[in-house]
1. For the stretch 126-173, how many residues meet the condition of being assigned to a loop (DSSP other than H, G, I, E, B) and either without any contact (Cβ under 8 Å) to a residue 40 or more places away in the chain or among the aliphatic types (A, V, I, L, M) (or both)?
2. Kindly evaluate residue 161 against the criterion of being touching a strand residue (DSSP E or B) at 6+ places or on another chain (Cβ under 9 Å) and at pLDDT 95 or above.
3. Let me confirm something: among 426, 398, 355, 415, which residue is of a type in the set (D, E, K, R), modelled with pLDDT under 95 and either outside any helix (DSSP H, G or I) or on the phi < 0 side of the Ramachandran plot (or both)?
4. List the residue pairs whose Cβ atoms are under 6 Å apart, where the first residue sits in the stretch 365-376 and is touching a residue at least 24 places away in the same chain (Cβ under 8 Å), the second is among the small types (Gly, Ala, Ser), and the two are 6 or more positions apart or on different chains.
5. Going by the conditions given, is residue 345 in a helix (DSSP H, G or I), within 22 Å of the chain's Cα centre (by Cα) and crowded, with 19+ Cβ neighbours inside 10 Å?
6. For the stretch 117-158, how many residues meet the condition of being small (Gly, Ala, Ser) and out of contact with any strand residue (DSSP E or B) (no Cβ under 8 Å at 6 or more places or on another chain)?
7. When you scan the stretch 184-195, do you find a residue that is farther than 20 Å from residue 388 by Cβ and either touching a residue at least 60 places away in the same chain (Cβ under 8 Å) or in contact with a His (Cβ under 6 Å, 6 or more places away or on another chain) (or both), even just one?
8. Looking only at the stretch 378-395, which residues are aliphatic (A, V, I, L, M) and either surrounded by 15 or more Cβ atoms within 10 Å (Cβ to Cβ) or part of a loop (DSSP other than H, G, I, E, B) (or both)?
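The values are calculated or read from the model by the stated rules, or taken from the named source; none is laboratory data. Everything numeric in this text was worked out from a predicted model, so none of it was measured. Neighbour counts are summed over all protein chains in view; Cβ atoms, including those assigned to glycine, are modelled from backbone coordinates with ideal geometry.
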Amino acid sequence: MTRTRGLARFLILAAINLVILGVLAEVGARVLYPAARGGGFTWAEARIRLDAGFRPGDIERSDRATESQFTPGWILHPYLGWAMDPSTKVVKDGAESFPYSRMGFHGGDIAAPAEDEVVVAISGGSVAEWLWVDARDELRDALQADPRFAGKRIRIENFALAGYKQPQELLTLNYLLVQGARFHIWISLDGFNEITQPVIQNLPEHVAPVYPRSWHILSQRAMTPGELQIRAARYAAMTRREAIRRRVDGTVLKYSAFIVACWDAVDLRHAQQIARLDTAYQELSARLETTAAVQGPLFGLPEPDFNAVLRQSVDIWVESTYAMATLCNAHKIAYFQFVQPNQYVDGSKPFTEEELRTAFAPGGYRPAVEKGYPLLVDGVKQLQARGVRANDLTRVFENETATLYRDTCCHVIPEGSRIMARRIAETIRASELP
């Protein structure tokens, strides 16, 4: 009896000590970790990142270090530059999702519309692709409220891919139409890739601005064993990073400040490892001799420079957009163009501390956006004067005080996509349709 009482007291004291240690760990983490982590860290923003998780575009996102990398799943395409291998599988939260269609896009197919169906297509780069992934339901519901679509079922198809830029959208539209595709509305959400890819990637590689992203890689050679090894290590690091995130996010542990602090510290180390692999890949690729690239015409520019290529790229975007509008009009498709927002556009959003810490970089895309976006906005006016439904979304977040941008490029969390989807739907509902 005495032994039993002693054991009970021991267990009670042990439980009390565990509770005290747990409380101290929670309080200590909440008070001390933000200071140790550095300015700009908040628990709310950490949980936003915890909930966001891995996204297919993350495999090749970031700045110049990864811009020239060959993305897993890419296959050369005779008309579009590249598309995705339909057999490529993307796993999220332990299940296959985001399947690629037979056309090589996320969810983009050309099945004939039913009598009661309105088919809406989205094109552009990764921001447009993620609009479809994260906000197609929001877009569909907002359009469904239009009396003109009463009794109709709205089907939204995606023909956007990370890195796509004009004239790839124009060529995609042509490619689909000649195969019998039929659409009622076509939405282009673009502008960012058109001004950043030519000067960040094409110009340093002496590739024509009009050529697709990474053409100096796609057209030259297969990756060497060393490059493949680095790519495999990067993918493995991202997979481990996501697995750890899921273990925390999928349980009640995500409500513990101590556990989230531990996850954040480990996640930061994974991010640093991935950045080192990016740098190693870039350095290795730069040292390798390659066969002569199919560089393309430099459009008569004897010494193409940053500003000249920017102006030329905007001209290509304007003419490609006008050609898309003309082609859509001929096929009785309502065409709408939207310039996507970006954090480097001055005054475009009140930024949170988390965004200032994680969504801004001194070089990379910033110079191209700061100089190129005013040209895009001027291009919108030119297109409007030519009868195109062109729209400027650069201020769509100007009243949004929550964190929306999730990297130093251009990508937003799902709520950012939903905000854009609602604005796009409002524009369409206020316009005349064929």
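1. Within the stretch 126-173, the subset assigned to a loop (DSSP other than H, G, I, E, B) is 145-146, 150-152, 159-167.
With either without any contact (Cβ under 8 Å) to a residue 40 or more places away in the chain or among the aliphatic types (A, V, I, L, M) (or both) added as a condition, the list becomes 145, 150-152, 160-162.
Going through the stretch 126-173 one residue at a time, the tally reaches 7.
2. Working: touching a strand residue (DSSP E or B) at 6+ places or on another chain (Cβ under 9 Å): yes; at pLDDT 95 or above: no.
Spelling it out, it is not the case that residue 161 is touching a strand residue (DSSP E or B) at 6+ places or on another chain (Cβ under 9 Å) and at pLDDT 95 or above.
3. Numbers: 426 fails: modelled with pLDDT under 95; 398 fails: modelled with pLDDT under 95; 415 fails: modelled with pLDDT under 95.
Sole residue among the options that is of a type in the set (D, E, K, R), modelled with pLDDT under 95 and either outside any helix (DSSP H, G or I) or on the phi < 0 side of the Ramachandran plot (or both): 355.
4. From residues that are touching a residue at least 24 places away in the same chain (Cβ under 8 Å), the pairs are 376/191.
5. Numbers: in a helix (DSSP H, G or I): no; within 22 Å of the chain's Cα centre (by Cα): yes; crowded, with 19+ Cβ neighbours inside 10 Å: yes.
For residue 345, the condition - in a helix (DSSP H, G or I), within 22 Å of the chain's Cα centre (by Cα) and crowded, with 19+ Cβ neighbours inside 10 Å - is not met.
6. Residues that pass the stated criteria total 6.
7. Initially, the stretch 184-195 is screened for residues farther than 20 Å from residue 388 by Cβ, giving none.
No, that holds for no residue.
8. 380, 383, 388, 390, 393
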